[in-house]
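Undergrad: Mind having a look at this structure? Questions to follow.
Just so you know, all these numbers are worked out from the coordinates, no wet-lab data involved. Since the model is a prediction, treat every value here as computed from it, not as a measurement. Here Cβ is always computed from backbone atoms with ideal geometry, including for glycine, and neighbour counts include all displayed protein chains.
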Amino acid sequence: MWLSILGLLLGISLGLLTDMQIPPEYADYLSIAVLASLDTLFGGIRAHLQGVYDDKVFVSGFFFNIVLAAALAFIGVHLGVDLYLAAIFAFGVRLFQNIAVIRRILLTKWAEKKEVRELQG
Amino acid sequence: MKKKLSSRFSVILFIIGLMAAVQYNTINEPDARDTRDIWEIRQELSREMQLHSELLTEIGTVDDTLSKYEDASNESPEQALKETVEDLRSAAGLDEMTGPGIEISIEPSPEAVALGLNIEGIAPDLLIRLVNEINRHNGLYISIDGNRVVNTTAIRDINGTTTVNTVPVQTPPFKIKIVSKTMDDTEKLYNHLMSSRIHDDFYIDNLSVIITEPIDQLTVEAYDKEHNYQQLEKVEGE
């Protein structure tokens, strides 16, 4: 848990301190990549809480989603169709669903713990 | 298992953090708006094209030198090196230059003399303006009151006196010599100066600019001081 937060902080500080930039034309792709990776991350957390977490699925899903989203955006730009909207929509919906599921699982766990404590007390 | 999961999440979160930070940097970069109009862009373009042609000329010169070295490497490499040193010395202004040129004398204007006005030294700004006007033409060798103007020459005010290369310039009258490589260049410069607005600028300061007709053989003095290399650094490698 703490290691993960450390990883996040390390990534953010590295990005901010090195003042890395990409050409503005590619900012769309990066934003979609960020969304895709967030989607995968929450999917992973949900799977872990539900006890169906699989390492391979998680890691492959992370990279595959990013590449797929960027490819969709790329094709969209060249076809003149805003295909990246499809990616944003899909990832956005899934993100909300995953977070909702995580919330419910956590609530249930919390309620169970409370019940157990009450029974013990 | 738990440890493995944690490390996976750390790596993924690291990548997410990095991407988010890069995205943040990119989005928050204020984009400088290009507010130049078409004419300014044209001027920019013409400047760049001039630079381009100058660079091409320079490449040509360097190529010439290179082929000279190659030719001479079998016979006498010293000769080629000596020639290069001579070229560089004259480019740096360390040698006297003789060639077709014009002489400009800066004198108090007749009106000022007639009115008995006090003649003061020339202002550095005015002198710089004149030098800039002359330098619109390339490949010229200039000396002001016997002081050679080189790339590092400073024309400035020191304790109320106008100086060139830190040597004070006389109160007018004094002479400026300009030598160019060909008579054509000299004539061009002469015509340019004759029609230039510089006369009006000098008249405001009670000075008049008198330009001689192009002279066949004129000599400008060599730069007689040490060059100041403080800001120069050696380039390493290729």
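Undergrad: Using only C-alpha atoms and all pairs of different ones, pull out the Kirkwood radius for chain B in Å with one decimal.
TA: Numbers: mean 1/r = 0.0436 Å⁻¹.
One over the average 1/r among Cα pairs gives 22.9 Å for chain B.
Undergrad: I've got another one for you. On average, how many beta carbons from a partner chain sit within 10 Å of the beta carbon of a residue in A:26-35?
TA: Working: counts 3, 5, 0, 1, 6, 5, 0, 6, 9, 1.
Counting Cβ atoms of other protein chains within 10 Å of each residue's Cβ and averaging gives 4.
Undergrad: Translational D (Stokes-Einstein, µm²/s) of the stretch B:86-210 at 20 °C and 1.002 mPa s when Rh comes from the Kirkwood sum over C-alpha pairs?
TA: On the way: Rh = 15.2 Å.
The Stokes-Einstein estimate is 141 µm²/s.
Undergrad: Charges only on Cβ, +1 for Lys and Arg, -1 for Asp and Glu: so what's the dipole of the protein assembly as shown about the Cα centre, in debye to the nearest 20?
TA: Working: 31 positive and 52 negative charges, 826 e Å.
So the magnitude is around 3960 debye.
Undergrad: Calculate the dipole size of chain B relative to its Cα centre from +1 charges on Lys and Arg beta carbons and -1 charges on Asp and Glu beta carbons; express the result in debye to the nearest 20. Walk me through the intermediate numbers first.
TA: Values: 22 positive and 42 negative charges, 366 e Å.
Its charge dipole is roughly 1760 debye.
Undergrad: Right, another one. Compute a Gaussian network model of chain A, connecting alpha carbons closer than 10 Å, and tell me which residue from A:TYR53, A:TYR84, A:TYR29 fluctuates the most.
TA: A:TYR53
Undergrad: OK, next. Kirkwood Rh over Cα pairs of the stretch B:183-238 into Stokes-Einstein at 25 °C, 0.890 mPa s: D in µm²/s?
TA: Details: Rh = 15.5 Å.
This corresponds to a translational diffusion coefficient of 158 µm²/s.
Undergrad: Here's a follow-up. B:LEU81 to B:LYS68: extension gain in nm, 0.36 nm per residue of separation minus the Cα-Cα distance?
TA: Details: separation 13, 0.36 × 13 = 4.68 nm, distance 0.97 nm.
Fully extending the segment from B:LEU81 to B:LYS68 adds 3.7 nm.
Undergrad: Let me test this: with uniform point scatterers at the alpha carbons of the protein assembly as shown, what is the Debye-based log₁₀ I(q)/I(0) at q = 0.15 1/Å?
TA: -1.30
Undergrad: Order these peptides, B:49-60, A:70-81, by their mean beta-carbon neighbour count within 10 angstrom, highest first. Walk me through the numbers on the way to the answer.
TA: Numbers: B:49-60: 10.2, A:70-81: 14.5.
Descending packing order for the listed peptides: A:70-81, B:49-60.
Undergrad: Continuing with the same structure: Pairs on different chains or at least eight residues apart, Cα atoms closer than 30 Å: how many lysine pairs in chain B fit?
TA: 13
Undergrad: Treating only the Cβ atoms of Lys and Arg (+1) and Asp and Glu (-1) as charged, compute the dipole magnitude of the stretch A:23-119 about its Cα centre; round to the nearest 20 debye. Provide the component values of the computation, followed by the final result.
TA: Values: 9 positive and 9 negative charges, 104 e Å.
With Lys and Arg at +1 and Asp and Glu at -1, about 500 debye.
Undergrad: Give me a single rounded figure for A:55-65: the average over its residues of other chain Cβ atoms within 10 Å of their Cβ. Working shown, then result.
TA: Values: counts 4, 0, 0, 4, 3, 0, 0, 5, 2, 0, 0.
Mean shielding by partner chains, rounded to a whole number: 2.
Undergrad: For the stretch B:158-211, what is the Kirkwood estimate of the hydrodynamic radius, computed as the reciprocal of the mean inverse distance between distinct Cα atoms, to one decimal in Å? Present the calculation step by step, with values, prior to reporting the outcome.
TA: Numbers: mean 1/r = 0.0756 Å⁻¹.
About 13.2 Å for the stretch B:158-211.
Undergrad: Across the residues of A:36-44, average count of Cβ atoms on other protein chains within 10 Å? Walk me through the numbers on the way to the answer.
TA: Numbers: counts 2, 7, 4, 0, 2, 5, 0, 0, 4.
Average per residue, whole number: 3.
Undergrad: Hey, another quick one. Considering the options B:PRO100, B:GLN50, B:ASN132, tell which one lies farthest towards the positive end of the dipole of chain B, charges being +1 on Lys and Arg and -1 on Asp and Glu at the Cβ, about the Cα centre.
TA: Most positive-ward Cα: B:GLN50.
Undergrad: What whole-number value in cubic angstrom gives the convex hull volume per residue for the C-alpha atoms of the stretch A:23-119?
TA: On the way: hull volume 9.0 nm³, N = 97.
Residue-normalised Cα hull volume stands at 93 Å³.
Undergrad: Another question, if that's okay. Just to confirm my numbers, what's the Cα centroid distance between the stretch A:1-78 and the stretch A:83-97 in Å?
TA: After rounding, the separation between the Cα centres reads 14 Å.
Undergrad: Per residue of the stretch A:99-115, what does 6.51 cos²θ - 1.76 cosθ + 1.60 with θ = phi - 60° give for ³J(HN,Hα)? Whole Hz please, x for Gly and Pro, Karplus curve as stated.
TA: Residue by residue, the stretch A:99-115 yields 5, 4, 4, 4, 4, 5, 4, 5, 4, 4, 4, 4, 4, 4, 4, 4, 4 Hz.
Undergrad: Here is a follow-up. Mind checking which of A:SER4, B:HIS192, B:THR61 is farthest towards the positive end of the protein assembly as shown's charge dipole, using Cβ charges of +1 (Lys, Arg) and -1 (Asp, Glu) about the Cα centre?
TA: A:SER4
Undergrad: What does the highest-first list of B:197-209, B:175-187, B:84-96 look like by mean Cβ count within 10 Å?
TA: Details: B:197-209: 16.2, B:175-187: 19.4, B:84-96: 14.2.
Result, highest mean first: B:175-187, B:197-209, B:84-96.
Undergrad: Oh, and also: Using Cα centres only, tell me the gap between the stretch B:69-112 and the stretch B:20-56 in whole Å.
TA: After rounding, the separation between the Cα centres reads 37 Å.
Undergrad: Related question: Hey, if you put +1 on the Cβ of every Lys and Arg and -1 on every Asp and Glu Cβ in the protein assembly as shown, which of A:VAL81, A:MET20, B:THR84 ends up farthest toward the positive end of that dipole?
TA: Result: A:VAL81.
Undergrad: Where does chain B land at 222 nm, in deg cm²/dmol rounded to the nearest 500, when only DSSP H runs of n ≥ 4 count, each adding -39500 (n - 2.57), divided by all residues?
TA: Theoretical 222 nm ellipticity from helices: -16500 deg cm²/dmol.
Undergrad: OK, next. For chain A, what does the helix formula give at 222 nm: sum of -39500 (n - 2.57) over DSSP H segments with n ≥ 4, over the residue count, nearest 500 deg cm²/dmol?
TA: Numbers: 4 runs with 102 residues, N = 121.
Taking each H run of at least 4 residues, the total per residue is -30000 deg cm²/dmol.
Undergrad: Follow-up. List the pair-distance distribution P(r) of the stretch B:13-144, using every Cα-Cα distance, as the percent of pairs falling in each 5 Å bin from 0 up to the bin containing the longest distance, rounded to whole percents.
TA: With a bin width of 5 Å, the distribution comes to 2, 6, 8, 9, 10, 10, 9, 9, 9, 8, 7, 6, 4, 2, 1, 1, 0, 0.
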